[in-house]
1. Restricting to the range 1-22, name every residue that is open to solvent by 40 Å² or more (accessible area, probe 1.4 Å) and farther than 20 Å from G39 by Cβ.
2. Among the residues of the range 77-90, is there at least one that is open to solvent by 70 Å² or more (accessible area, probe 1.4 Å) and either in contact with a Leu (Cβ under 6 Å, 6 or more places away or on another chain) or modelled with pLDDT of 95 or more (or both)?
3. Only residues that are among the hydroxyl-bearing types (S, T, Y), more than 11 Å from the chain's Cα centre (by Cα) and not in a loop (DSSP other than H, G, I, E, B): list them for the range 1-47, please.
4. Give the residues of the range 1-54 that are touching a residue at least 12 places away in the same chain (Cβ under 8 Å) and among the acidic types (D, E), sorted by residue number.
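The values are calculated or read from the model by the stated rules, or taken from the named source; none is laboratory data. These numbers come from a predicted model, not from an experiment. So basically every Cβ, Gly included, is an ideal-geometry build from the backbone, and we count neighbours across all protein chains shown. We work out accessible area using only protein heavy atoms, side chains counted, and drop any ligands, DNA or RNA first. Shrake-Rupley method; radii C 1.70, N 1.55, O 1.52, S 1.80 Å.
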Amino acid sequence: MIVCVCNRVSDRDINRLVSEGVSSFEELQLATGAATCCGRCESCARDTFEQAQHLHGRIHAQLHLDTVHPLPAPSIPLVPVVARPGHHEVAEASLATA
């Protein structure tokens, strides 16, 4: 089913991205553009994202990590890696080299 008509994002796209490690709705938006244009699909996109997280067991792991063992903020600068135009990729960051 198409979730976001503006950016042609389907429930299968969302499921695939969650299975590949997308762990927040904001990451999903960066990777697909879903719910970033007209906004009409936001509730459906969020519901589909949450269902995919449950399906792939991501919510429990994410909540456990955030509440029990928070990660310290990195003390070294990170350089964003930008997706190529026309490709939907998960946003990443790499360590800056001196």
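1. If the condition is that a residue be open to solvent by 40 Å² or more (accessible area, probe 1.4 Å) and farther than 20 Å from G39 by Cβ, then R12, N15, R16, S19, E20 are the ones that fit.
2. no
3. In the first step, residues of the range 1-47 are kept if they are among the hydroxyl-bearing types (S, T, Y); the result is 10, 19, 23-24, 32, 36, 43.
Then keep just the ones that are more than 11 Å from the chain's Cα centre (by Cα); that gives 10, 36, 43.
Hits for the range 1-47 are S10, S43.
4. Selection gives D11, D13, E20, E27.
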